[in-house]
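What follows is one structure encoded as structure tokens, with my remarks underneath.
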Amino acid sequence: MSEPTTSAEPDLIAPISDGPDEASVSRVLDAPRERVFAMWTDPAHVTHWWRPEGFRSVVCERMDVRPGGGFEFRMHHENGNEYLSRNTYIEVVPPVRLVYDETCYENGTAFHQARMTIRFDDLGRRTRLIIHGHFTWLPGRDPRWTIDAMKAGWTGGWKDNLDLLVQYLATL
């Protein structure tokens with residue numbers, strides 16, 4: 001994974017150039033990393049910002065933040081599709097890093113798997129958040145889920161989520 005482009009603006013997301021099976025984004029947030037880490041590990045916070053554009057509802061069904069624990073989100077898109085994100089924590093290092101394996105389902109059929117690494121870089125009163133996904137391309141998945149479509153949706157979804165996270169942090 002290459003180092004992110006640093007932005008002086010906390011509200012700008014910076015895509016990172018990655019390999020064909022990877023995607024990363026980085027964003028500087030106006031909050032200390034302990035607070036940003038809590039946004040990722042407390043379901044009372046997560047439900048306020050984890051909602052990409054186009055989703056009517058997102059429900060955190062389970063969150064057990066420890067190696068071997070996991071979390072699940074059920075999301076209903078405005079097009080009528082239901083998406084489930086089922087995740088298992090591999091590594092939890094407060095407030096530095098989260099690593100988890102993610103499997104996403106569309107209407108009950110798995111279409112996406114990734115090893116996710118979330119890094120929280122301490123910038124004093126600010127935090128550089130780096131989200132990196134290393135994808136496993138599932139054989140037999142719906143052909144509309146091309147590599148380019150997956151990366152575009154992944155990057156756009158994280159931009160939407162992080163826009164909401166910035167807004168939510170400003171209310172605390």
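The values are calculated or read from the model by the stated rules, or taken from the named source; none is laboratory data. This structure is a prediction, so every number in the text was calculated from the model and none was measured. All Cβ positions, even for glycine, are placed from backbone atoms using ideal geometry, and neighbour counts span all protein chains on display. Surface accessibility is based on the protein's heavy atoms, side chains included, excluding ligands, DNA and RNA. Shrake-Rupley method; radii C 1.70, N 1.55, O 1.52, S 1.80 Å.
Full extension of the chain between HIS134 and ASP21 gives 40.1 nm of extra length, using 0.36 nm per residue less the Cα-Cα distance.
Could you check how much of the accessible area of the chain is carbon and sulfur, as a whole percent, using a 1.4 Å probe? For the chain, the apolar C and S fraction of the accessible surface comes to 51 percent.
Under 10 Å, Cα contacts only: if you run a Gaussian network model on the chain, which one of VAL93, VAL25, VAL46 comes out with the highest mean-square fluctuation? With Cα springs under 10 Å in the chain, the top fluctuation among VAL93, VAL25, VAL46 is at VAL93.
How far is the Cα center of region 111-172 from the Cα center of region 59-73, in Å? Here the answer is 17 Å between Cα centres. Could you compute the FRET efficiency for HIS77 and ASP122, with r as their C-beta to C-beta distance and R0 at 25 Å, rounded to 0.05? Efficiency computed from Cβ-Cβ geometry: 0.10.
Evaluated at q = 0.18 Å⁻¹, a Debye calculation over the C-alpha positions of the chain (equal weights, vacuum) places log10 I(q)/I(0) at -1.27. Taking a point 7 Å from the Cα of LEU84 along the Cα-to-Cβ direction, the residues of region 51-67 with backbone N closer than 19 Å to it are 56-64.
The heavy atoms of GLU34 present about 110 square angstrom of accessible area, all protein chains included, probe 1.4 Å.
Taking 0.36 nm per residue of sequence separation and removing the Cα-Cα distance, the ALA44/VAL99 pair yields an extension gain of 17.8 nm.
Mean-square fluctuations from a GNM of the chain, with a 10 angstrom spring cutoff on Cα atoms, peak among ALA114, ALA149, ALA38 at ALA149. Within the chain, the longest run free of exposed loop sites, counting trypsin sites (Lys or Arg not before Pro) that sit outside DSSP helix and strand states (H, G, I, E, B) and have at most 15 other Cβ atoms within 10 Å, spans 1-124.
Extension gain, THR171-THR109: 0.36 nm per intervening residue step, less the Cα-Cα distance, totals 18.6 nm.
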